[in-house]
Structures are given as structure tokens and as C-alpha cells.
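The values are calculated or read from the model by the stated rules, or taken from the named source; none is laboratory data. Quick caveat, the model's predicted, so the values are computed rather than measured. Positions of Cβ are backbone-derived with ideal geometry, glycine not excepted, and every protein chain shown enters the neighbour counts.
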Amino acid sequence: MITSSLKRVELIIGALLVPLDYIMLIAAGYTAYVIRFGNTVSTLRAAVYVLPFGDYMKILLATSVAMVVIFAFNRMYDITGTRRILDELRKIVLACSTGVLIVMILFFFNRELFSSRFIILSAWLLSVTYLAVMRLTVIIVERWLFRRGVGVHRVLLIGSSRTASILFDAFRNSPSLGYSVIERALVADSSLFDKI
């Protein structure tokens with residue numbers, strides 16, 4: 001049996017992810033605009049319609065808020081101490097793809113905006129990249145803190161099965177998982193729970 005309590009470090013990291021995601025989305029959108037209307041791409045293929053930067057930023061700020069809401073529905077802000085890299089990447093790709101699809105549907109009937117589909121597609125790719133790098137950095141920092149005992153879950157492990165032994169060894173040998181076994185017992189005893 002494993003019991004754990006929510007830690008302050010997890011709450012702080014969970015709260016930081018929202019503004020960090022928003023910043024990454026804006027950075028990706030800004031980079032896409034610079035690439036599209038910069039000298040290199042414009043020389044290769046001239047823009048049919050140049051969306052003024054001020055108008056573009058208004059759209060970008062609004063769509064970034066919508067994307068963060070989509071991220072929340074995709075459970076990207078769940079409070080957990082054991083974020084898995086592959087799970088995070090899967091959520092990022094799914095959420096960004098959903099957001100871009102919605103943007104393309106909304107802009108489909110507006111020819112002026114839809115003619116800038118290069119920006120939408122490049123912003124999608126850049127968003128996935130920027131968010132993946134940022135989330136990976138958060139995971140690395142989180143695991144670094146866990147290895148130093150900051151924000152770990154205090155765990156009570158009950159049982160003598162092979163599974164219990166595997167869990168005990170995994171938690172003891174991999175502190176970056178975020179769990180610290182404070183007691184291992186063969187049977188449950190109410191006095192054990194006072195140690196958590």
C-alpha cells in the first residue's frame with residue numbers, strides 16, 4: 001500500500017507551467033512571423049498578404065490563451081511528481097495539433113488570414129519544439145530536486161509480495177522518481193500512518 005501527500009514543490013511547478021506554456025506559445029508565434037516575413041523566406045516566396053505585426057500579435061495573444069485552455073483540457077497541468085517525458089511529449093503534440101486545427105477552422109473563411117497558413121503550420125512546429133524543450137527542462141529540474149529530497153512523496157509500503165519488493169527497490173535506487181519509503185511493513189497497522 002502506498003500513501004502520499006501533495007507537496008508544495010509540485011504545486012509551485014504546476015502553477016509555473018501555465019505562464020511558461022503561454023510564453024513559449026507566444027515565442028513560437030513570434031518566431032514564425034519573423035521567419036515568414038523575414039528576408040530569406042520573403043525572397044523565396046513573396047507574401048501575398050502581409051499581416052501587420054500589431055494585428056498579428058493581438059491574434060497571437062488571444063490564440064495563446066485559447067491554447068492554454070486546450071492544454072488544461074488535455075490534462076497538461078495535472079499535479080504529479082512523476083512526469084514522464086514520453087507522456088509529456090504526447091500531450092504536447094496532441095494539444096498543439098488540436099489548437100492549430102481549431103485556428104485553421106476559424107480562419108478558413110477569412111482569406112486574408114488563411115493565406116498566412118505558413119505561419120500557422122510553422123507556429124505549430126515551433127510550439128511543439130519550444131514546449132518540449134521547456135517541459136523537458138522542468139522535468140530535469142524536478143528530478144534534480146527529488147534526488148536531493150526536495151518535494152518527495154513520503155511512502156508507506158505494506159506487504160511482502162514480489163511487487164512490494166520491486167517497488168521498494170525502485171524507490172530506493174531511483175530517488176528521481178520522487179518517492180521516499182519511510183517504512184516497510186508486512187501488515188497494515190494504524191500506528192504506521194502517523195509516520196507519514
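With respect to SER190, is the statement that it is more than 17 Å from ILE79 (Cα to Cα) and modelled with pLDDT of 75 or more true? So SER190 does not fit the description; no. Listed by first and then second residue, the pairs with beta-carbon distance under 6 Å, at least 6 apart or on different chains, first residue in the stretch 160-180 and of a type in the set (Gly, Ala, Ser), second in a helix (DSSP H, G or I) and modelled with pLDDT of 70 or more, are SER176/ARG143; SER176/PHE146; SER176/ARG147; GLY178/PHE146. Only one entry in VAL48, VAL65, VAL34 is modelled with pLDDT under 70, β-branched (Val, Ile, Thr) and surrounded by fewer than 16 Cβ atoms within 10 Å (Cβ to Cβ), namely VAL48. Considering only residues in the stretch 129-182 that are part of a helix (DSSP H, G or I) and modelled with pLDDT under 70, the one that is farthest from VAL18 (Cα to Cα) turns out to be PRO175.
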